[in-house]
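Participant: Can you keep this structure in mind? I'll have questions shortly.
The values are calculated or read from the model by the stated rules, or taken from the named source; none is laboratory data. In this text, all values refer to a predicted model and were calculated from it rather than measured experimentally. When we count neighbours, we look across all protein chains shown, and the Cβ atoms used for this are built from the backbone with ideal geometry, even at glycine.
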Amino acid sequence: MKTLIIANWKCNLLTAKSAEELFKLLNKGLRKIRKAEIVVCPSFIYLPKLSELLLRRKKTRIRLGAQNCFWEGKGSYTGEVSPIMLKNLGCKYIIVGHSERRKFLNETNQMINRKVQAILSFGLIPILCIGETKEDKEKGKISIVLRSQIENALKKVSKKEIGKIVFAYEPRWAIGTGKACSSDEACVARLLIQKIIAQKYSQPTAKKIQILYGGSVNSANVASFVKDAGFQGVLVGSASLDPNEFAKIVKEL
Ligand code: PGA
């Protein structure tokens, strides 16, 4: 299983030129990387340009991902973006259920489930984000919240399909706060996710799934998640906007 490092640019980089420049700098800093697969997830509107740039760089380790998609392939859905459109642009991955979408767009577990099913049906890889809020944590509800998010997001997802999903454990209180989860806490959550998958599918299936950590990842803490807590990669927000820091994160693995 390849280590995955996802760069989630979110709604940053306000011009196509700045997105292109950052992409070129990231690519330059990552030229010698062989061990990991790097997935850059820009805003939708920058995907065509970045896809064109990628086609010119045959040896790159960078792949493209989207930050969201709709759950239907096509039709009368004003303002939405179809997973097929993203596939046709060269995307391999789609982030789904990010906590910012759950919070600001009221994305529900049911909507997330429909998106997961659609992404899988069109041959793309969902990066399914799950994680508790600060309040859930304080009330000792981490396990209940993770179980509900996972079970609902995976309705009608077969045993064969589950192996294609990448899970991203992202405690909400650690996102964009500079206060990452401790590697011990993250490790407990990772084991919990595996247990939930084992109960729903099987023990061997649970052992094979890829789980990433996300939430204030930087070059100083990335090894504690991947090397100590057993995650098979990370989802990086703010630090992915700094090409030097991002290259350092990748080199730590
Ligand atoms: P952060 O964002 O690295 O800025 O905390 C992570 C994320 O939202 O996925």
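Participant: Which ones in the stretch 27-45 are of a type in the set (S, T, N, Q) and surrounded by fewer than 19 Cβ atoms within 10 Å (Cβ to Cβ)?
Facilitator: If the condition is that a residue be of a type in the set (S, T, N, Q) and surrounded by fewer than 19 Cβ atoms within 10 Å (Cβ to Cβ), then Ser43 is the only one that fits.
Participant: Moving on. From the list Val188, Val217, which one is at pLDDT 95 or above, farther than 14 Å from Ile5 by Cβ and not basic (Lys, Arg)?
Facilitator: Testing whether each residue is at pLDDT 95 or above, farther than 14 Å from Ile5 by Cβ and not basic (Lys, Arg) leaves just Val188.
Participant: Follow-up question, since we're still on this one. Can you list the helices (runs of 4 or more DSSP H) found entirely within the stretch 157-253 that contain at least 3 residues being within 15 Å of the ligand (Cβ to nearest atom) and buried (at least 17 other Cβ atoms within 10 Å of the Cβ)?
Facilitator: 243-251
Here's the yes/no breakdown for (1) over 19 Å from Arg102 (Cβ atoms); (2) out of contact with any Lys or Arg (no Cβ under 8 Å at 6 or more places or on another chain):
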{"residue": "Leu53", "(1), (2)": "yes, no"}
{"residue": "Arg56", "(1), (2)": "yes, yes"}
{"residue": "Asn68", "(1), (2)": "no, no"}
{"residue": "Gly73", "(1), (2)": "yes, yes"}
{"residue": "Ser76", "(1), (2)": "yes, yes"}
{"residue": "Glu80", "(1), (2)": "no, yes"}
{"residue": "Leu86", "(1), (2)": "yes, yes"}
{"residue": "Gly90", "(1), (2)": "yes, yes"}
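Participant: A follow-up question, please. For the stretch 1-55, enumerate the residues that are among the hydroxyl-bearing types (Ser, Thr, Tyr) and touching a residue at least 24 places away in the same chain (Cβ under 8 Å).
Facilitator: Listed by number, the residues that qualify are Thr3, Ser43, Tyr46, Ser51.
Participant: Consider only pairs whose beta carbons are under 8 Å apart and that are at least six residues apart or on different chains; among these, list those whose first residue lies in the stretch 62-90 and is among the aromatic types (Phe, Trp, Tyr) and whose second residue is surrounded by fewer than 16 Cβ atoms within 10 Å (Cβ to Cβ).
Facilitator: Partner pairs satisfying both residue conditions: Phe70/Tyr77; Phe70/Glu80.
Participant: Do the conditions hold for Glu151, that is, is it more than 16 Å from the ligand (Cβ to nearest atom), in a helix (DSSP H, G or I), touching a residue at least 24 places away in the same chain (Cβ under 8 Å) and not aromatic (Phe, Trp, Tyr)?
Facilitator: Yes: the conditions hold for Glu151.
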